[in-house]
1. Does the stretch 285-292 include one or more residues that are among the charged types (D, E, K, R), out of contact with any Pro (no Cβ under 7 Å at 6 or more places or on another chain) and modelled with pLDDT of 75 or more?
2. Could you check the stretch 184-228 and list, in sequence order, the residues that are more than 22 Å from F82 (Cβ to Cβ) and under 23 Å from the mean Cα position of the chain (by Cα)?
3. Out of the residues in the stretch 14-63 meeting the condition of being among the aromatic types (F, W, Y) and open to solvent by 20 Å² or more (accessible area, probe 1.4 Å), tell me which one is farthest from W178 (Cα to Cα).
4. Looking at (1) over 27 Å from P129 (Cα atoms); (2) of a type in the set (G, A, S); (3) surrounded by fewer than 24 Cβ atoms within 10 Å (Cβ to Cβ), which is the only condition A333 fails?
5. Would you be able to say whether some residue in the stretch 337-357 is open to solvent by 20 Å² or more (accessible area, probe 1.4 Å), touching a helix residue (DSSP H, G or I) at 6+ places or on another chain (Cβ under 6 Å), in contact (Cβ under 8 Å) with a residue 12 or more places away in the chain and farther than 22 Å from H420 by Cα?
6. Residues to consider are A164, A135; find the one that is under 15 Å from the mean Cα position of the chain (by Cα) and either in a helix (DSSP H, G or I) or over 16 Å from I217 (Cβ atoms) (or both).
7. For a quick check of your reading: which helices (runs of 4 or more DSSP H) sit entirely within the stretch 363-442 and have at least 2 residues that are surrounded by 24 or more Cβ atoms within 10 Å (Cβ to Cβ) and modelled with pLDDT of 85 or more?
8. What number goes with the only condition from (1) more than 15 Å from C259 (Cα to Cα); (2) under 24 Å from the mean Cα position of the chain (by Cα) that Y402 does not pass?
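The values are calculated or read from the model by the stated rules, or taken from the named source; none is laboratory data. Because the structure is predicted, anything quoted here is derived from the model rather than measured. All Cβ positions, even for glycine, are placed from backbone atoms using ideal geometry, and neighbour counts span all protein chains on display. Side chains are part of the model used for accessible areas, which takes the heavy atoms of the whole protein and leaves out ligands, DNA and RNA. Shrake-Rupley method; radii C 1.70, N 1.55, O 1.52, S 1.80 Å.
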Amino acid sequence: MVVSGKESTATAKPTWVRQRIIALIFLITTINYADRSTFSIAGSEASRELGLDAVQTGFILSAFAWAYVAAQIPAGLLLDRFGTRKVYTIAIASWSVLTMLQGFAGLFALHVFAMLFVMRLLVGAAEAPSFPGNARLVIAWFPGSERGTASAIFNSAQYFSLVAFAPLMGWLVHSFGWRSVFWVMGGIGLAGAATFWRYIRSPVQHPAINRAELDLIEQGGGLIHMDESGRASRAPSLRDMRRLLANRMLAGIYFGQYCINVLTYFFVTWFPIYLVRERGMNIVEAGFAAALPALCGFAGGLVGGYASDALLKRTGSLDIARKGPLTVGMVMASAIIACAFVESQWQVIALMALAFFGKGVASLGWAVMSDVAPREQSGVANGLFNMFGNMAGIVTPIVIGYIVATTGSFDWALGFVGLHCLLTIVAFLVIAGPIRRVTLAD
């Protein structure tokens, strides 16, 4: 064990390696979401130059979600079998190279639509280990009293990514053409992969950690030996998979994550179109208007994580600590329904900002998974969680499209999203029941 010769006196102060670990996870997750959105930013100009019609563009945009969802369980199995550091690093490097390759579409004697569709499929598959890998790192590196904040930090990267990288990608398209977006973002991702490989370790193998921090993590419930050599998870089995899927608590958590992601995918797919079609904004105004809810979601995520951990320290109850902020946040998020009853643009943006702040507060699903995932197969359990959650990315755009096409308005679509905010509360409070770690050992 690397830490055998380190300071072990009772007076030694714990190091802060875990804080640097979560900062790196946040950075990688920010890059992850930016690479997902490259075609959304560059797609308009790319489609015009490459002669792609709206249907082809829609299929290219949807390819990521289908592959991402389908690859969650295989990604979890790989994480459990080979460890987080190796699998996650390969994933980052892979999705970065695939992102760069999209910039070469139309330059070679290949069918443009087929190439881009396949590349987006592969990017979705390559990114599949990201969030289960994040969850495994939080389980290994953080005591239970800090997992809410740690999980909220990496989860809030989905909002920060829009604020940090959307202006950069827009400037690249304007100044250097749409291909530059893929090349620059792919290069940033490769640098991130190298940094991740160099710095990420199991807690017991990290050269910068001291015994005091290791004891703090382990005594607080952190699984510091999770990825240690010689301690690989047991081989997965169909029986274990069935037990995970049949577990009522996990079923409630998985369903709850699906419901909360309905709001997420409304924002990243239909929200700008709603502002233009229903609220009369131009595309530039819609872009700036979308930034405020994103910032509020980012702030809400940090507030929710901090509040959850503070409640855990005060009460000692995982149910109160996780479900309390989640319930309050989802009640706030249901304010999106009120957008159907107001007229002015500022009221719509204010309600959306409130809804996304609440959604950020309630985004504790990954913290809950770090509390309940079985030690034997946390990767598979987290993969299932992410798979069910991201099915909302397939269902939500299609359902809202049909609602808008049938009614000619977004009012019922807003009701559809708001209803899922309330169903999230039902999923965690009624279906899931008490929060406790699952064990698969006989």
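1. Within the stretch 285-292, none of the residues are among the charged types (D, E, K, R), out of contact with any Pro (no Cβ under 7 Å at 6 or more places or on another chain) and modelled with pLDDT of 75 or more.
2. Result: V184, M185, G186, G187, I188, A191.
3. Among those that are among the aromatic types (F, W, Y) and open to solvent by 20 Å² or more (accessible area, probe 1.4 Å), it is W16.
4. So A333 meets the others, but not (3).
5. No.
6. A135
7. Correct list: 365-372, 378-390, 411-426.
8. Of the numbered conditions (1) more than 15 Å from C259 (Cα to Cα); (2) under 24 Å from the mean Cα position of the chain (by Cα), the odd one out for Y402 is (2).
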